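Below: one structure in structure tokens.
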Amino acid sequence: MPRILGLEAVSTSDHALVGGKASKLGELVREGLPVPPGFVVTTESYAAFLDGTALQTQLSAALETLELDRPDSVDAVSRRIRDAFEATEFPPELREEILGAFREYSRAHEVKFSAVRSSATAEDLDTASFAGLQETYLNVTGEEGILEAIRRCWGSLFTPRVLVYRGRKGFDHTTVQLAVLVQKMVDSAVSGILFTRDPNTGENHMIIEAGWGLGEAIVGGEVTPDHYVVDGLTQRIIHKQVSGQAWRLVRAAGGGNQREDVPTADRSRQKLTDERIGRLASLARVIESHYRRPMDVEWCQEDGQLYIVQARPVTTIAPTIGGPGPSMSPSTPPPPASASYAPPPPSPAAPIVRGFGASPGVVGGKVRLLLRAAELDRLKAGEVLVTTMTTPDMVPAMTRAGAIVTDEGGMTCHAAIVSRELGVPCVVGTRNATQVLKEQQEVTVDGKMGTVSDGLPAPVAPAAAAPAGHRASAAELHLAAPVTATRIYVNVGVPEKALEYAQLPVSGVGLLRIEFIFTAHVREHPMALVKQGRGPDLVTRLADGIAQVCQAFYPRPVIIRTSDFKTNEYRGMPGGAEFEPSEENPMIGWRGCSRYISPVYKPAFLLELEAIEKVRTEKGLKNAHVMLPFVRNTWELEQIAEMFREKGLRRSRDFKLYLMAEVPSTALLAREFSAHCDGFSIGSNDLTQLVLGADRDSETLGRMGYFDERDPAVLRAIELLLEGAHASGRTVGICGQGPSVYPEFAEFLVRKGIDSISLNADTVLSTIRTIAALEQRMKLDGLRPSRE
């Protein structure tokens, strides 16, 4: 796999190779959005750096001594690992490869200054942003400067704050890798952050924050930015709050950054003109449309030109018990028991401090004033952390805090993002909290309203409703979710998230992509393992990953989609080049079932089936079922059925076989395909592509509006599938974002009698409510079609 890639060559499918930040920016380059040019030093380079030196041994030895509940242990392990990184020289071959790419990029784009940015494989994920926790170095110059910045970025995988955050999120320290993105540095006159949806309430409002100079001062919480609110539908500015700014961060003459005073005339001036706000909102709409989810976007402006420098999912828009608004990530731990909680409103007294509500919830506790990082150990569990500014270094302390209040910072600063993920109520940008609030004063913090009041909230009776900011148990979630005739499932990518997602009120897993287990647990081409005689190893790794999900959801069904790598994706895996042809259009090439029946790949597919059979028999997890991707013909299913029988897998009441409906032939001949399966799941992306003849990866066609799953031809294909399958007594579901992104598409599916919808975890609760409301209207109108 390549050690260096141009930014324009990467996409989200390369996440394991280039990390979250680079993969998402590469997608935006392909969309034609204004992204500074650059290249990626991939995770293969990181691995080569470890393997070509003594670092791997040093890393493992240090991590064996790590005790996350002891700050001194975390600090010692971190310092030991980072010192080792900084003292290790690049292997000569790797050094020359990186410098060769740097020289070519510098010539092509007339680069004088670069931004060197961490891009981790566990970063900018749907459920964990890792916001600002790995290092970024701005205005870097010279070849030695680039190499030093890359090495420090790699070492930043093991700072104390990252070790704590990764441990809280359940990531394995030994498997996370780091790519590094090198980009042309934008000399920002204005910069900031934008949320395409309000991260605090989930409302369809864009939140824009803007400040003078480089954006590090904003995301680090060192200045209070302008705050603009834009209506998501009309793109009209509905609120503006202009903040004074006395200093800004700018490029130093010889490289690096320096502070300078903002000219007096500009200190109270609006940072972005209304016209620029409108332009930025338009760019954000394109980004959200591309990813089909709320996004957190970092941007900057130089000489009137706007640039996008980061885009990641908003990880915190998830409903609380008893209401549609967001509160915290599903993985959020409950707040410390020593804090006192009450649902809003009312607060016990009028607010004595006001700021931006950065993380919702109402918490009462004693104030702990901390003005220096060295004082963080003084914070006791459940106390209200009050400080000048929020920074990523506060993460270890934030896990103990009952609430957080700061003088500076905006609701989009990095530590505010992390506080939302941790479920800790947070108010930022108060300007005077450290002067007004006194040590050990009892206060109530309202993280939604952005207020701090004197005194504790009134105690909550045991029979009262669940408090705001309270982490819902599985039982509470199920009780709170309305009942729907349409069954709701959840999609699972990595097994490590299974326990978290199992708390959701879903009927099971509608899509477990086995490819993610290949990339995370196997990491080699399956036929390469077969050739090496390591087939049993492949079976064990796959079975362990599958069993982790099935165990978490037991006895609810888990539908495992067998591998659907395309040839270009398989070739990139270690050992893949020997077995994979080069195809002009792999999207409609050797993939899915055609691969399974090929003599070249059949041995590997049989090992997949063996792993599934092992989960069902040896591990006793009978809730494991199978779905086949990219089915073209019924005759290929007959051959595959024989392979199933060979591995002891036979369709029965306890073992179901489903087909992905992605190729139009399954819709046109639904009755014929029904004889070979127990049901179908619509893959709307591929179905749309093949019905409309519109390449789903074509930037041009996408911008022109050709690729749209709501097209009448696509809807007619879905109708044909539903009619044929239901006539044959088979179920039909859909797995994907479409129903949660397009309410009219969800309404079409429900009105036509879709049996189930499988969703990404962050949209489950809101979509359940949408579907319940629709079904209620249909019931009242007598419109629900019979399924007899």
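The values are calculated or read from the model by the stated rules, or taken from the named source; none is laboratory data. Predicted model, so just to flag it, every value in this text is computed and none were measured. Here Cβ is always computed from backbone atoms with ideal geometry, including for glycine, and neighbour counts include all displayed protein chains. Heavy atoms of the whole protein, side chains included, go into the accessibility calculation; ligands, DNA and RNA do not. Shrake-Rupley method; radii C 1.70, N 1.55, O 1.52, S 1.80 Å.
Hey, which of these cross-link pairs are over 27 Å Cα-Cα: 21/448; 184/271; 184/497; 497/752; 497/619; 497/566?
Values: 21/448 29 Å; 184/271 23 Å; 184/497 36 Å; 497/752 32 Å; 497/619 20 Å; 497/566 25 Å.
Among 21/448; 184/271; 184/497; 497/752; 497/619; 497/566, the Cα-Cα distance tops 27 Å for 21/448; 184/497; 497/752.
Compute the convex hull volume of the Cα atoms of the stretch 197-259, divide it by the residue count, and report the result per residue in Å³ as a whole number. Provide the component values of the computation, followed by the final result.
On the way: hull volume 6.1 nm³, N = 63.
Spelled out: Cα convex hull of the stretch 197-259, divided by residues, is 96 Å³.
Here's something else I'd like to know. Counting only DSSP beta bridges with both residues in the chain, tell me the antiparallel percent, nearest 5.
65 percent
Give me the tail of P(r) for the stretch 148-224 as a percent: Cα-Cα pairs with distance above 20 Å.
That tail contains 58 percent of the Cα-Cα pairs.
Assuming 0.36 nm per residue, please report the length gained on full extension of the stretch residue 516 to residue 665 beyond their Cα-Cα distance.
50.9 nm
Over the chain, with every protein chain in place, what whole percent of the accessible area is carbon and sulfur at 1.4 Å, could you tell me?
On the way: 15480 of 30320 Å².
The value for the chain is 51 percent carbon and sulfur by accessible area.
For the chain, what is the calculated [θ] at 222 nm in deg cm²/dmol (nearest 500), taking -39500 (n - 2.57) for each run of four or more DSSP H residues and dividing by its residue count? Provide the component values of the computation, followed by the final result.
Values: 29 runs with 281 residues, N = 788.
That calculation yields -10500 deg cm²/dmol at 222 nm.
Can you give the accessible area per residue of the stretch 609-664, in Å², using a 1.4 Å probe? It would help to have the intermediate numbers written out before the result.
Values: 2410 Å² over 56 residues.
Each residue of the stretch 609-664 exposes 43 Å² on average to a 1.4 Å probe.
Could you order 521, 227 by accessible surface area, starting with the largest, using a probe radius of 1.4 Å?
521, 227
Given a 1.4 angstrom probe, what's the average accessible area per residue across the stretch 20-73, in square angstrom?
For the stretch 20-73, the per-residue accessible area is 37 Å².
Work out how far the C-alpha atoms of the stretch 175-296 reach from end to end along every principal axis, then list the three figures in whole Å, largest first.
47, 43, 23
Heavy-atom accessible area per residue, the stretch 556-597, 1.4 Å probe: how many Å²?
That works out to 37 Å² for each residue.
Same structure again: With a point put 7 Å past each Cα toward its Cβ, work out how far residue 634 is from residue 70 in nm, to one decimal.
6.7 nm
Hey, another quick one. At a 10 angstrom cut-off on C-beta neighbours, averaged per residue, how do the peptides 281-291, 200-210 rank from highest to lowest?
200-210, 281-291
Additional query: Report the normalised scattering of the stretch 506-555 as log10 I(q)/I(0) at q = 0.17, 0.18, 0.30 Å⁻¹, calculated by the Debye formula with identical scatterers on the alpha carbons.
-0.54, -0.59, -1.14
Sort largest first and round to whole Å: the equivalent ellipsoid semi-axes of the stretch 596-683, each the square root of five times a Cα gyration tensor eigenvalue.
Result for the stretch 596-683: semi-axes of 22, 16, 10 Å.
Okay, next question. Go through 673-681, 656-664 and give me the packing order, highest mean Cβ count within 10 Å leading.
656-664, 673-681
Here's another thing I want to ask about it. Express in Å², to the nearest 10, the accessible area of residue 266 obtained by rolling a 1.4 Å probe over the protein heavy atoms while all chains stay in place.
Counting only protein heavy atoms, the figure is 30 Å².
For the ranges 750-761, 713-724, what's the packing order if you count other beta-carbon atoms within 10 Å of each residue, average per peptide, and put the highest first?
On the way: 750-761: 21.5, 713-724: 18.7.
Result, highest mean first: 750-761, 713-724.
Across the stretch 186-192, in residue order, what do the Karplus-derived ³J(HN,Hα) couplings come to in whole Hz, using 6.51 cos²θ - 1.76 cosθ + 1.60 with θ = phi - 60° and x for Gly and Pro?
Calculated HN-Hα couplings, in order: 8, 7, 6, 7, 9, 8, x Hz.
Tell me the label-point distance for the pair residue 96, residue 487, using the 7 Å Cα-to-Cβ offset, in nm and rounded to one decimal.
6.0 nm
Enumerate the helices in the chain for which the Kyte-Doolittle hydropathy averages 0.0 or more and the C-alpha atoms extend at least 20 Å along the helix's axis, using complete DSSP H runs.
535-553, 602-617, 712-727, 764-781
Right, something else. Could you check the simple spin-label distance between residue 274 and residue 617, using points 7 Å along Cα→Cβ, in nm with one decimal?
Placing both labels 7 Å beyond Cα along the Cβ direction yields 7.2 nm.
Round to the nearest 10 and report in Å² the accessible area of residue 638, as given by a 1.4 Å probe over the protein chains' heavy atoms.
For residue 638, the solvent-accessible surface is approximately 110 Å².
What is the mean projected area of the alpha carbon convex hull for the stretch 613-736, to one decimal in square nanometres?
Numbers: hull surface 33.3 nm².
One quarter of the hull surface, i.e. the mean projection, equals 8.3 nm².
When N is the residue count of the chain, what does its C-alpha Rg come to as a fraction of 2.2 N^0.38 Å?
0.96
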